[in-house]
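Laboratory data are not the source of any read-out in this text; all were calculated from the coordinates shown. As the structure is a computational prediction, the values presented were derived from the model and not from experiment. Ideal geometry is used to build each Cβ from the backbone, glycine not excepted, and the neighbour counts take in all protein chains shown.
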Amino acid sequence: MLKGKKVIAVGERDGISGPAIAACAKAAGAEVVFVATECFV
Amino acid sequence: MPDVVISAASQVLAHVPSLARHGSKPRRELPKSAEQVEKFAAALRSFDDAAAYPPHQAWIGNVHPRDLPARPWADNAGAPRRTGRFGEVMPEEEFLGLLAAVDEFELLALSPETAKAAAAALAGHPLAKAFDLDRIEKAADDIEAVAAEPKALRLTDGAVMRCAQADDESLSAHVLIDNLAAKATAALALLHLLERSGIDPASVDYVLGCGEEAIGDRYQRGGGNLAKAVAEAAGLTEASGADVKNFCAAFVPALVVASSLVSAGVFGRVAVISGGSMAKLGMKFQGHLAKGLPIMEDVLGGTACLIEADDGRSPRVRLDVVGRHRVSAGGSAAEVMKALAVEPLVRHGMAMTDVDDYATELHNPEITEPQGSGNVPERNYRTIAALSAAKGDIDRTDIASFVAERGMPGFAPTQGHLASALCYVPHALDRLTTGDARKVLLLAKGSLFLGRMCQLSDGMSVLLERNEGR
Amino acid sequence: MDLQSQESILRASQTHDKADLVVLLGSPDPESASIAAETVVVGDPSFAGALAGAQLGLLTYHVLEEEVHADIPDDVWDAQIGVMADVLEAGALAETVAAIRAQA
């Protein structure tokens, strides 16, 4: 479901970071158009 | 390489309920609603409540975090005990005086009553001879007039902060009180360390700061070196200093650098210090008010520890067991933990069960949960335990007991670097000397991406080990 | 959600064809997952940012959902996600985000 899609990766520091999600999305054949990692502490 | 030890550690809290509204979140949100301002003020804690609060008792060394009572902690608090083996909880009235005492540029103005009360209270403090009480009296001023000065900041009923330059954002009243509060809390912790250890202040050669304040002016916004300012305030006449900057993760690189300096013979004694972060006061207040809880982010922490050559008894810093999160490593929490908790141990043929205590991010969950940020220490420990199981050091069924025995409840204020392994150091010294621990792993992590220069986090770890004597 | 992120996501939704966009979340617990998901589906629940009341209706998944996992090569999953799939409550996270996704 990700192949050919444009992914917005919103990660969280304590979970899965933005760059980690982006790497997964790219490996699945998506283009990543935005990456961010949130930190709440 | 020659062995190096942490020979002493202290930490303090300053209870500052009146300053809580100047934290970053409250100062942005409170002005939106008079009702919120009232609720916030009504939810502030008394000194006795803050001092008695069990995580604060753990902070100053009266209880080990694993021996904290059941939650909710406020319901199971004992009597307020101002002092502990590691330091003290200082009331606001005195802390305002301490701020003035370390204020070299006379930017802080106190009302005559506030100045008088602070000076009188601090004159009776066990560390009184280390405080510049004259400067507190000199801070007395017509605070209404000072409050009317351009860009002055009204802190409390009896205190106003001036800016240093009206058109320099880095010298605004807000930035300056932030920095001064970090200086005062760090200096207090260092003074406690000197007192408790009995060492000659002149024997300390260098100080490294690891806090997150930004000291500078318009041309050098992050110039830094709070460390030297604190060294001066604490009377370390023979020391110089510098700061190590790594967001919340800074303590471990500061400790590793300090240890390396001593091991290499560059210096004999190096202190690592940090002060509190005013910006983080009241950060999660909305969740607290919504759940009928008090404003729990009402304290500023300060820390100090001393590194020197092997003394035959203090815990050794294993400079050969240091983990770091490389640029090329993956970004998930598991990848960071692998780099910090697994890799350095594996490299030395150690199992993860060889470590008695893991000190990771120890944010107090009573502060973070009401705002939906979960239990940070628990997440960290479950990740470490899961990695242990993945590599076969423990069985999956032992994950919960691994967390309970080698982890601990969070007890630190939500002030970044303070929570990131640093607050466990005095407890680690106990555990590795009078306690029964042989190895403690300190792991610190930092969110570099918040500065918008990269999408990365960073982290560093280092092993502390019981000293088996010379 | 970070205010600058909200602005960037708003811009992305205006720049690209919404049918092509997929939001993948990495929140560690259901509460923060629901805030993030709501923000990009029905609008910023804290009404603080550019997505306040925005109702973008973006197709949103948590990265730990089965459908997403299935798309990702094993070696990449192991390297990037690894044990976090066990440590985090994948089931609860999937349920939370799926419920909000249905509101798109």
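Quick notes on this one:
- Along region B:20-25 the Karplus relation, 6.51 cos²θ - 1.76 cosθ + 1.60 evaluated at θ = phi - 60°, assigns HN-Hα couplings of 4, 5, 8, x, 4, 5 Hz to successive residues, with x for each Gly and Pro.
- Here the Karplus curve 6.51 cos²θ - 1.76 cosθ + 1.60, taken at θ = phi - 60°, turns the phi angles of region B:202-214 into couplings of 6, 8, 8, 8, 8, 10, 10, x, 9, x, 10, 6, 10 Hz, with x standing for Gly and Pro.
- Placing a pseudo-label 7 Å from each Cα along the Cα-to-Cβ vector at C:HIS16 and B:SER46 gives an inter-label distance of 5.7 nm.
- Between the amide H of B:PHE411 and those of B:ASN364, distances stay under 5 Å, these residues lying 5 or more places away or on another chain, with hydrogens modeled in the peptide plane.
- Counting, for every residue in B:361-374, the Cβ atoms of other protein chains within 10 Å of its Cβ and taking the mean gives 3.
- Built amide H within the under 5 Å cut-off of C:THR60, gap 5+: C:VAL23
- Across region B:106-111, computed HN-Hα scalar couplings (Karplus, 6.51 cos²θ - 1.76 cosθ + 1.60, θ = phi - 60°) run 6, 8, 8, 10, 10, 5 Hz from first to last residue, x flagging Gly and Pro.
- Residue-averaged [θ]222 nm for chain B, counting only DSSP H segments that reach four residues, each worth -39500 (n - 2.57): -9000 deg cm²/dmol
- Gyration tensor (alpha-carbon) shape descriptor, chain B, a/c threshold 1.5: prolate
- Square roots of 5 times each gyration tensor eigenvalue, C-alpha, chain A, largest first, Å: 20, 9, 6
- If the chain linking B:HIS64 and B:ALA164 were pulled fully straight, counting 0.36 nm for each residue of separation and taking away their Cα-Cα distance, it would gain 31.8 nm.
- Theoretical FRET efficiency, 1/(1+(r/R0)^6), r = Cβ-Cβ of B:ARG396 and B:ALA34, R0 45 Å, to 0.05: 0.25
- Cα shape, region C:3-101, gyration tensor, a/c 1.5 rule: prolate
- Alpha-carbon Debye profile of the protein assembly as shown, log10 I(q)/I(0) at 0.06, 0.08, 0.12 Å⁻¹: -0.31, -0.56, -1.25
- Shape class of region B:316-465 from the alpha-carbon gyration tensor: rounded, with the ratio a/c of largest to smallest axis under 1.5.
- Flagged links, alpha-carbon separation over 24 Å, of B:LYS25/B:LYS138; B:LYS151/B:LYS245; B:LYS338/B:LYS445; B:LYS39/B:LYS280; B:LYS25/B:LYS183: B:LYS25/B:LYS138; B:LYS151/B:LYS245
- Counting only DSSP beta bridges whose two residues both lie in region B:361-470, roughly 90 percent are antiparallel.
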